[in-house]
Amino acid sequence: MMFRNMDDLLAFFCTFVFHTFLMIQIGEIIVAKALFENHFICDLPKCEGNCCIYGDSGAPLDDLEADLLSDNIDQIRPFMRTEGKEAVQADGAWVIDMDGDKVTPLVNREECAYVFFKEGIAFCAIEYAFEQGAVHFQKPVSCHLYPVRVTRLKQGFALNYHQWSICEPARKKGTEQGIPVFRFLKEAIIRVYGEAFYGELETIYSELKA
């Protein structure tokens, strides 16, 4: 293979590294190989749902999710704790964070307003309302897909694996049971990207193992 200059050589090298070592492209979606190479299963008794408590802002929301929260807040409110209700009353069903993104409001700049606690473990009132048939949408996609974080590209999206220290119990449990990140997220991935896309992930995983 001939290269006209160093820029061509560098571009080829970066593309080779990108596809061979770091990422895999499926249509307009780029998937980090870390989703296949790392293991994960939420271990709520050990992490206590701390991903709903710690962080710089609330859960990211797309425009549709923000509208759904606004339209269904009266149906969700009965499943919320007092502090969360007060935060929503003061700030609204969603807010704009410092980056200009729509997110869930917080209680005292800490946990998500939609969190409620049961035996010291944080749970999502939105998801619980869904499970009880009070609303017809689950928790925000950004929560459902975690530990995957989605980055919007000029064309398509990138799915990256986010490692957070509070999720060490999940990594340990996932490793013990041999569950890769993407397989733990099967329901969420199918919800967002469809069964065919998830099937592609299973095929890629088989090829990588071989």
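A few notes on this one:
Per-residue answers, yes or no, for (1) of a type in the set (D, E, K, R); (2) modelled with pLDDT under 95; (3) more than 21 Å from residue 105 (Cβ to Cβ); (4) surrounded by 15 or more Cβ atoms within 10 Å (Cβ to Cβ):
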| residue | (1), (2), (3), (4) |
| --- | --- |
| 3 | no, yes, yes, no |
| 10 | no, yes, yes, no |
| 26 | no, yes, yes, yes |
| 32 | no, no, yes, yes |
| 37 | yes, no, yes, no |
| 56 | yes, yes, no, no |
| 72 | no, no, no, yes |
| 77 | yes, no, no, yes |
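- Look at the range 160-177: where a residue is within 17 Å of residue 148 (Cβ to Cβ) and of a type in the set (Ser, Thr, Tyr) and a partner is at pLDDT 95 or above and in a strand (DSSP E or B), sitting 6+ places away or on another chain with Cβ atoms under 7 Å, you get 161/32; 161/148.
- Just one of (1) closer than 20 Å to residue 55 by Cβ; (2) part of a loop (DSSP other than H, G, I, E, B); (3) in the same structural domain as residue 65 (by TED's automatic domain parsing) fails for residue 146. It is (3).
- Within the range 152-160, one or more residues are closer than 21 Å to residue 41 by Cβ and surrounded by 15 or more Cβ atoms within 10 Å (Cβ to Cβ).
- Residue 93, sole failed condition from (1) touching a residue at least 60 places away in the same chain (Cβ under 8 Å); (2) surrounded by 14 or more Cβ atoms within 10 Å (Cβ to Cβ); (3) in a loop (DSSP other than H, G, I, E, B): (1)
- Flag for residue 130 being within 16 Å of the chain's Cα centre (by Cα) and either within 18 Å of residue 104 (Cα to Cα) or in a strand (DSSP E or B) (or both): no
- Members of the range 180-210 that are farther than 13 Å from residue 148 by Cα, not aliphatic (A, V, I, L, M) and not in a helix (DSSP H, G or I): 194
- Subset tally (residues that are closer than 18 Å to residue 23 by Cβ and either free of Cβ contacts under 8 Å to residues at least 60 places away in the same chain or not β-branched (Val, Ile, Thr) (or both)) for the range 193-205: 8
The values are calculated or read from the model by the stated rules, or taken from the named source; none is laboratory data. Owing to the predicted nature of the structure, the values given are computational and were not obtained by experimental measurement. Cβ: placed from backbone, ideal geometry, glycine included. Neighbour counts: every protein chain shown.
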